[in-house]
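Visitor: Take this structure, written in C-alpha cells, and hold onto it; I'll ask about it next.
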Amino acid sequence: MRRIGKIMLKFKDKVVVVTGGASGIGLAICRRFGNDGAKIGILDMDAVGVKRRARELEAAGTDVLGIKCDVTIKEECDFAINEIINHFGGIDILVNNAGITQRDAFVNTRISVFRKVMEVNFFGSLYCTKASIASLIKRKGLIIVIESVAGVAPLLGRTGYCASKHALHGLFTSLRSEIRETGTHVMIVCPGFIKTNLQKRALGGDGKVTHHPQTIVGKQNTTKSVAEAIYKGAVRRKHILVLTAAGKAGYWISRIAPVLYERMMARKFRSELIR
Ligand code: NAD
C-alpha cells in the first residue's frame with residue numbers, strides 16, 4: 001500500500017490482468033485499478049478495442065499492456081499471460097471476466113451454442129488461470145471470477161449460460177480451498193443486471209445474435225459502481241460479492257427457499273420464450 005497525499009493506493013504497482021477488458025465490466029475494472037496505480041494487462045479478442053482501451057488508459061497515466069487474445073484458444077492464453085509476466089515481472093490479480101451469454105428455450109438451442117458459451121465462459125477462465133497460477137501463488141495473489149447470480153441460482157431461458165457459470169463456481173470454490181495455504185485467494189463476483197454490451201452479443205438458439213427482448217429485474221447498475229465494489233472487495237479479499245439489489249434478493253431467496261425462487265423466477269422470465 002502506498003500513500004499519495006491523503007489518498008491510500010492499495011494496489012500501487014500491483015499487476016492486474018483483466019480478460020474481456022475492452023468493454024463493459026472488464027473495462028471499468030481496468031480503469032478502477034489503473035486509477036489506483038496498478039499496472040494493467042488487458043486481454044480481449046477485440047484487437048481494435050484492446051489497442052484503443054490501452055491507449056486511453058496510458059493517456060490517463062496507467063502503465064498498461066494490451067494483448068489481443070481469444071480466451072477459447074489455450075495457446076493464445078498461454079502466450080498472452082507469458083507476455084504479461086515477461087513485461088511486468090509477474091501477476092498479482094487475474095480477473096476472469098471475458099464472457100458471452102445466450103437466450104433461448106432449451107429445446108430450441110443447438111448443442112453448438114452450449115459448447116460456445118462453455119468455451120468462452122468456462123474454458124477461457126480455466127486456460128488463463130492455468131497459465132497464471134504459478135505466478136499468482138508466488139505473489140500470494142488474487143483470482144477474481146466474474147460469475148453471475150446465474151452461477152448460484154437457476155435462470156430460465158439461459159440454460160447454457162447458467163451451466164457455464166455454475167461450472168465456474170465449482171471450479172473456483174474448489175481451487176480456493178486447494179490453494180488456501182499458499183496465501184492465494186479467489187473472490188467470486190455475482191452481479192445482477194448491469195448495463196453493458198453483453199446482451200447486444202447474446203446468442204439465440206441457432207447461434208446467431210438474438211434481438212429478442214430481454215427481461216430485466218430491478219434497476220440496471222453501472223459498470224463503474226460494479227468496478228468500485230470489486231475494488232473494495234479485493235482490498236478486503238472477500239470470498240463472494242453479490243451485487244445489485246435484485247441480485248442480492250435473488251441470491252438469498254434461492255438459498256433460503258429454492259423451490260419458491262424457481263417459481264418466482266420462472267414466472268418473471270417465462271414471457272421471454274414466447275415468440
Ligand atoms: P461486454 O460484452 O460488455 O464485455 C465482454 C468482453 O469480453 C468484450 O470486450 C468481449 O470482446 C470479450 N470477449 C468475449 N468473448 C471473448 C473471447 N472469446 N476471448 C476474449 N475476449 C472475449 O459484457 P459484460 O457485461 O461486461 O460481461 C463481462 C462479464 O460479466 C461476463 O462474464 C458476464 O457473464 C458477466 N456478467 C454480466 C452481467 C450483465 O448484466 N452485464 C451480469 C452478470 C455477469
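Coordinate-derived values only; no laboratory data. The model shown is predicted, which means the values in this text are computed figures rather than measured ones. Don't worry about glycine lacking a Cβ; one is built from the backbone with ideal geometry, like all the others, and counts go over all protein chains shown.
Visitor: Separation of the stretch 246-263 and the stretch 196-222 by C-alpha centroid, Å?
Guide: Here the answer is 22 Å between Cα centres.
Visitor: Beyond 14 Å, what share of the Cα-Cα pairs of the stretch 1-85 is found? Please give it as a whole percent.
Guide: When all Cα pairs of the stretch 1-85 are counted, 59 percent exceed 14 Å.
Visitor: Normalising by the residue count of the chain, find the relative contact order in percent from Cα pairs under 8 Å and 6+ residues apart.
Guide: Relative contact order comes out at 18 percent.
Visitor: How far is helix 74-88 tilted, in degrees, relative to the longest principal axis of the Cα atoms in the chain, given as a value from 0 to 90 rounded to the nearest 10?
Guide: 30
Visitor: Hey, fewest Cβ within 10 Å first, where do C162, C69 land in order?
Guide: In order of increasing Cβ crowding within 10 Å: C162, C69.
Visitor: To continue, here is another question. Of S254, S164, S225, S177, how do they rank once you tally other Cβ atoms within 10 Å and put the fewest first?
Guide: Ascending number of Cβ neighbours within 10 Å: S177, S225, S254, S164.
Visitor: Most exposed first by the Cβ proxy, i.e. fewest other Cβ within 10 Å, how do D63, D104 rank?
Guide: Going from least to most buried by this count: D63, D104.
Visitor: I would also like to ask the following. What is the magnitude of the charge dipole of the chain about its Cα centre, with +1 placed on the Cβ of each Lys and Arg, -1 on the Cβ of each Asp and Glu, and no other charges, expressed in debye to the nearest 20?
Guide: With Lys and Arg at +1 and Asp and Glu at -1, about 960 debye.
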